[in-house]
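My questions will all concern the structure given below.
The values are calculated or read from the model by the stated rules, or taken from the named source; none is laboratory data. In this text the structure is predicted, and so the values were computed from the model without any measurement. Every residue, glycine as well, gets a Cβ built from its backbone with ideal geometry; the counts of neighbours run over all protein chains shown.
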Amino acid sequence: MQKIIAIILLTICSFGLYAQHEQLVPLTENDILSKYSWSNKYSTSRIAPLILPVFDDFNYAGPFADPQIWIDSFAYVNNHYPILPPSIGVATFDGLNANGKPYSLLEVNAVADYLTSQPILLNGLTSDSLVFLSFMYQPMGLGQRPEANQDFLMLEFKDQTDNWIEQWRTSGDSSRAFKQVFIPLSNDFLYDGFQFRFKNIAKISGNNDHFHVDYVVLDKNRDTIQEQSPKDMAFQSIPTPLLKTYYAMPYNQFDSTFLADQVTIQVRNNFTNATTDFLDNFESKELATNTVLSSYIGSSVDLAPTSDNTFNYSKFNVPTTFSGDTITIRTTYSFNVSAEAGADPKVLANNTVVKDQVFANFFSYDDGTAERGYRLTDVTGGQVALKFDAKTLDTLQGIKVHFANLNRDYSLSLLSVIVWKQIGATDEILYKEDLVKLSDFRKPGGIDALNDFAFYDLKKQFILDGSDKLLVQGTFYIGFLFTDKDKWTIGYDLNTDGSQNMFYNVGNGWAQTQFQGSLMVNPILGKPLPWELTPVIQPKQTMTFKIYPNPAKNQFFIEGIQHESIVNIYNSIGSLVHSEQIAESKTIDIQGLTTGLYFIEIEDLQLHQKGSSKLIIR
């Protein structure tokens, strides 16, 4: 894993040394954020201030920070930009606003993102209370490098006169490790209503100058020596796919030869002592039928102090007998460790990660998220091609592609869409349409549109052998010839690697790309429509449940619990008055609570979804 990351970083930092015409470029927008609305999706605000401890490690779906902890979220919560964070999920600071758009078209450095805490109750504490704010940060990751003495990440505290006072800052550097910072709170900030905020200075014209923040903790009586390593065992990365070559593929093309020999996951032991009772397990199911395909329970192993650990799980059989247009194999990986007994539920949530393996009607090497844009420069008629393999005879219906937005007008730009049987000294072309414009690609609604893929329908008049449909079997290639120089940029995924099957030609013959990663171009096979059956799965953002009766007296029932969940009940001033962990829908006893208004907050510890509701006790 570390070797792969090192290769990626070398590729990112030194692409100018490679092929003259290939470029990876920063993105102008964040297409995932542009599909959401902070004001619409997170319109509710917290009723009462926070109390200590305050903790967020951003291990949830995002793309915005938890509104129960933060009052804004210009930062982008994600798991595809950081490299080996202390736990999955970070808040990323860049040059884009909450809608994923540039703050300005001007190429200037200025204050960009803010991430501001909710008000916090600190009255009655003193400097002797050892109140510290700590956090971890990483420059760049898989984003763009922030420049030294030009791009900054900063922390500010609000004093009792509503002035924001800078407490810490760092500028860009070449380090890729997460670093931890402890900042003490003096008496000036120990009051009810205290807030802190992160902000960055970046080039505000695009997805630039990345800093990633993780594991934010504000608490009293802290030992800044012992707590330099959080008492948390955590998954650091999303598991690799069940497939060895593709990230997703058509189910009718699948057989056991496509399975990877193993699935790899990274686990971080953040404890300063060795842990000898780490017990891991997984269960894999087909979602539609709830069929269990495999399960595993490991034996106790030792993990070294403050270590990154790689766990490899052998492949298991995936049947080819399921029916339906889309088959999803969901594997839940988890572990138990006694050193975390009684830990915060958010810490325990880092012990579970869910991976969906999608079989739909398309092949892809990419995971659906772009960290860079790929383009061919200073050449007219440059070509790119991706290689695929259809094990059985099938119909190629179309192509979906993520065009990266670089604040350029593509509307009049032209390209050719091409399908090859083979490329090399002699190209064998099966399909070619010239003079294609961006308007010839469509963007239907549905799940996949979240990742901003555009769809191209193959047309029978451009099938070169005159057939009514384009049949493929064995090796075939899809791609483009860029008629206009320096006009087209395609999304490039740095978290997966399909580079061995990506080729380009600038007039000197075909060559394999020099950039590790995956071009976001996917062939669509099978039935003609609807193409909404080609999902890049996005997690649900909100947990849904019902509580009744409401008003309640001595008890109430929670309906809709499917996994291990934590139930927190807060009174009208925001104090936690009841907490328990449940694994299924059940009755909650509230006989000890007085009459009044309460707030129920439930978090699914497996899917990292949250939901909230009001409850009246009479």
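Would you be able to say whether some residue in the range 119-132 is within 21 Å of Tyr76 (Cβ to Cβ) and not charged (D, E, K, R)? Break it down into steps so the answer makes sense when it comes.
Taking the range 119-132 first, the residues within 21 Å of Tyr76 (Cβ to Cβ) are none.
No: zero hits.
Here is a further query. How many residues are touching a residue at least 60 places away in the same chain (Cβ under 8 Å) and assigned to a strand (DSSP E or B) when one looks only at the range 335-367? Give the derivation first.
So in the range 335-367, the residues touching a residue at least 60 places away in the same chain (Cβ under 8 Å) come out as 335, 337-340, 343-367.
Now narrow it down to the ones that are assigned to a strand (DSSP E or B): 335, 352-360, 362, 364.
Final tally of qualifying residues: 12.
Name, by its number, the condition in (1) without any contact (Cβ under 8 Å) to a residue 40 or more places away in the chain; (2) over 17 Å from Val337 (Cα atoms) that does not hold for Glu286.
Failing condition for Glu286: (1).
Taking the stated definitions as given, is Phe157 under 30 Å from Ala370 (Cβ atoms), surrounded by 14 or more Cβ atoms within 10 Å (Cβ to Cβ) and of a type in the set (Phe, Trp, Tyr)? Write out each step before concluding.
Values: under 30 Å from Ala370 (Cβ atoms): no; surrounded by 14 or more Cβ atoms within 10 Å (Cβ to Cβ): yes; of a type in the set (Phe, Trp, Tyr): yes.
In short, no.
With Thr332, Thr289, Thr275 as the choices, which residue is surrounded by 14 or more Cβ atoms within 10 Å (Cβ to Cβ) and either aromatic (Phe, Trp, Tyr) or out of contact with any Leu (no Cβ under 9 Å at 6 or more places or on another chain) (or both)? I'd like the intermediate steps shown before the answer.
On the way: Thr289 fails: surrounded by 14 or more Cβ atoms within 10 Å (Cβ to Cβ); Thr275 fails: either aromatic (Phe, Trp, Tyr) or out of contact with any Leu (no Cβ under 9 Å at 6 or more places or on another chain) (or both).
None of the other options fit; the residue is Thr332.
Another question, then. Restrict the check to the range 92-107 and report whether at least one residue is under 21 Å from Pro49 (Cβ atoms) and at pLDDT 90 or above. Can you show your working first?
First pass over the range 92-107, keeping only residues under 21 Å from Pro49 (Cβ atoms): none.
For the range 92-107, residues under 21 Å from Pro49 (Cβ atoms) and at pLDDT 90 or above: absent.
From Asp232, Asp214, Asp219, which residue is surrounded by fewer than 22 Cβ atoms within 10 Å (Cβ to Cβ), among the charged types (D, E, K, R) and either closer than 25 Å to Trp168 by Cα or in contact with a helix residue (DSSP H, G or I) (Cβ under 6 Å, 6 or more places away or on another chain) (or both)?
Values: Asp232 fails: surrounded by fewer than 22 Cβ atoms within 10 Å (Cβ to Cβ); Asp214 fails: surrounded by fewer than 22 Cβ atoms within 10 Å (Cβ to Cβ).
Residue meeting the stated conditions: Asp219.
Collect the residues in the range 568-588 that are in a strand (DSSP E or B) and within 15 Å of Tyr548 (Cβ to Cβ), keeping them in residue-number order.
Step one: of the range 568-588, the residues in a strand (DSSP E or B) are 568-570, 576-582, 586-588.
Matches in the range 568-588: Lys586, Thr587, Ile588.
Of the residues Leu133, Leu115, Leu84, Leu106, which single one is touching a Ser or Thr at 6+ places or on another chain (Cβ under 8 Å), in contact (Cβ under 8 Å) with a residue 60 or more places away in the chain and assigned to a strand (DSSP E or B)? Break it down stepwise before answering.
Values: Leu133 fails: touching a Ser or Thr at 6+ places or on another chain (Cβ under 8 Å); Leu84 fails: assigned to a strand (DSSP E or B); Leu106 fails: assigned to a strand (DSSP E or B).
Of Leu133, Leu115, Leu84, Leu106, the one residue that is touching a Ser or Thr at 6+ places or on another chain (Cβ under 8 Å), in contact (Cβ under 8 Å) with a residue 60 or more places away in the chain and assigned to a strand (DSSP E or B) is Leu115.
Is it true that some residue in the range 463-478 is at pLDDT 95 or above, within 30 Å of Ser237 (Cβ to Cβ) and not assigned by TED's automatic domain parsing to the domain that holds Pro63?
Yes: the range 463-478 contains one or more residues that are at pLDDT 95 or above, within 30 Å of Ser237 (Cβ to Cβ) and not assigned by TED's automatic domain parsing to the domain that holds Pro63.
Shifting gears a bit: Among Thr272, Thr224, Thr245, Thr240, which is outside any strand (DSSP E or B) and either charged (D, E, K, R) or closer than 23 Å to Lys158 by Cβ (or both)? Talk me through it step by step, then tell me what you get.
On the way: Thr272 fails: either charged (D, E, K, R) or closer than 23 Å to Lys158 by Cβ (or both); Thr245 fails: either charged (D, E, K, R) or closer than 23 Å to Lys158 by Cβ (or both); Thr240 fails: either charged (D, E, K, R) or closer than 23 Å to Lys158 by Cβ (or both).
None of the other options fit; the residue is Thr224.
Look at Gly507 and say whether it is without any contact (Cβ under 8 Å) to a residue 12 or more places away in the chain and on the phi > 0 side of the Ramachandran plot. Reasoning before the result, please.
Working: without any contact (Cβ under 8 Å) to a residue 12 or more places away in the chain: no; on the phi > 0 side of the Ramachandran plot: yes.
It is false that Gly507 is without any contact (Cβ under 8 Å) to a residue 12 or more places away in the chain and on the phi > 0 side of the Ramachandran plot.
Across the range 391-413, what is the total count of residues that are among the small types (Gly, Ala, Ser) and either buried (at least 21 other Cβ atoms within 10 Å of the Cβ) or in contact with a Cys (Cβ under 8 Å, 6 or more places away or on another chain) (or both)?
Residues of the range 391-413 that are among the small types (Gly, Ala, Ser), as a first pass: 398, 404, 411, 413.
Now drop any that are not either buried (at least 21 other Cβ atoms within 10 Å of the Cβ) or in contact with a Cys (Cβ under 8 Å, 6 or more places away or on another chain) (or both), which leaves 398, 404.
Counting residues in the range 391-413 that are among the small types (Gly, Ala, Ser) and either buried (at least 21 other Cβ atoms within 10 Å of the Cβ) or in contact with a Cys (Cβ under 8 Å, 6 or more places away or on another chain) (or both) gives 2.
Do you know which residues across the range 400-421 are closer than 14 Å to Gly491 by Cα and either assigned to a strand (DSSP E or B) or of a type in the set (Asp, Glu) (or both)?
Lys400, Val401, Phe403
Looking at the range 583-618 only, could you name the residues that are of a type in the set (A, V, I, L, M), touching a residue at least 24 places away in the same chain (Cβ under 8 Å) and under 23 Å from Asn59 (Cβ atoms)?
Within the range 583-618, Ile600, Ile602, Leu605, Leu607 meet the criteria.
Still on this structure, I have one more. Condition check: closer than 20 Å to Thr352 by Cα, touching a strand residue (DSSP E or B) at 6+ places or on another chain (Cβ under 9 Å) and not assigned by TED's automatic domain parsing to the domain that holds Ile88. Does His563 satisfy that? Let's see the steps before the verdict.
On the way: closer than 20 Å to Thr352 by Cα: yes; touching a strand residue (DSSP E or B) at 6+ places or on another chain (Cβ under 9 Å): yes; not assigned by TED's automatic domain parsing to the domain that holds Ile88: yes.
It is true that His563 is closer than 20 Å to Thr352 by Cα, touching a strand residue (DSSP E or B) at 6+ places or on another chain (Cβ under 9 Å) and not assigned by TED's automatic domain parsing to the domain that holds Ile88.
Take Val267 and tell me if it is in a strand (DSSP E or B), at pLDDT 95 or above and among the hydrophobic types (A, V, I, L, M, F, W, C).
Values: in a strand (DSSP E or B): yes; at pLDDT 95 or above: no; among the hydrophobic types (A, V, I, L, M, F, W, C): yes.
When the stated conditions are applied, Val267 does not pass them.
Separate question: Quick check on Asp356: is it out of contact with any His (no Cβ under 9 Å at 6 or more places or on another chain), surrounded by fewer than 18 Cβ atoms within 10 Å (Cβ to Cβ), closer than 30 Å to Asn405 by Cβ and outside the structural domain of Asn495 (by TED's automatic domain parsing)? Walk me through it before giving the result.
Details: out of contact with any His (no Cβ under 9 Å at 6 or more places or on another chain): yes; surrounded by fewer than 18 Cβ atoms within 10 Å (Cβ to Cβ): yes; closer than 30 Å to Asn405 by Cβ: yes; outside the structural domain of Asn495 (by TED's automatic domain parsing): yes.
Answer is yes for this residue.
So which residues in the range 219-262 are at pLDDT 90 or above and of a type in the set (Gly, Ala, Ser), if there are any at all?
Ala234, Ala248, Ser256, Ala260
Just name the residue that is nearest to Thr28 (Cα to Cα) out of those in the range 136-160 that are outside any strand (DSSP E or B) and among the polar types (S, T, N, Q). Talk me through it step by step, then tell me what you get.
From the range 136-160, those outside any strand (DSSP E or B) are 140-151, 159-160; that's our starting set.
The next check asks that each one be among the polar types (S, T, N, Q); those that pass are 144, 149-150, 160.
Numbers: Gln144: 12, Asn149: 22, Gln150: 19, Gln160: 39 Å.
Restricting to residues being outside any strand (DSSP E or B) and among the polar types (S, T, N, Q), the top hit is Gln144.
On to the next question. How about the range 58-78: which of its residues are part of a loop (DSSP other than H, G, I, E, B) and in contact with a Pro (Cβ under 8 Å, 6 or more places away or on another chain)?
Kept after step one, since they are part of a loop (DSSP other than H, G, I, E, B), are these residues of the range 58-78: 58-69, 71-75.
If the condition is that a residue be part of a loop (DSSP other than H, G, I, E, B) and in contact with a Pro (Cβ under 8 Å, 6 or more places away or on another chain), then Ala61, Ser73 are the ones that fit.
Tell me whether the range 305-313 contains one or more residues that are on the phi > 0 side of the Ramachandran plot and modelled with pLDDT under 95. Steps first, please.
Kept after step one, since they are on the phi > 0 side of the Ramachandran plot, are these residues of the range 305-313: 306.
When the remaining residues are screened for being modelled with pLDDT under 95, the result is 306.
Yes: one or more hits.
Just wondering, is there one or more residues in the range 173-191 that are in a loop (DSSP other than H, G, I, E, B), in contact (Cβ under 8 Å) with a residue 12 or more places away in the chain and more than 29 Å from Ser229 (Cβ to Cβ)?
Taking the range 173-191 first, the residues in a loop (DSSP other than H, G, I, E, B) are 173-178, 185-186, 190-191.
Then keep just the ones that are in contact (Cβ under 8 Å) with a residue 12 or more places away in the chain; that gives 173-178, 185-186, 190-191.
Filter once more, so that each one left must be more than 29 Å from Ser229 (Cβ to Cβ): 191.
The answer is yes, given that some residue of the range 173-191 is in a loop (DSSP other than H, G, I, E, B), in contact (Cβ under 8 Å) with a residue 12 or more places away in the chain and more than 29 Å from Ser229 (Cβ to Cβ).
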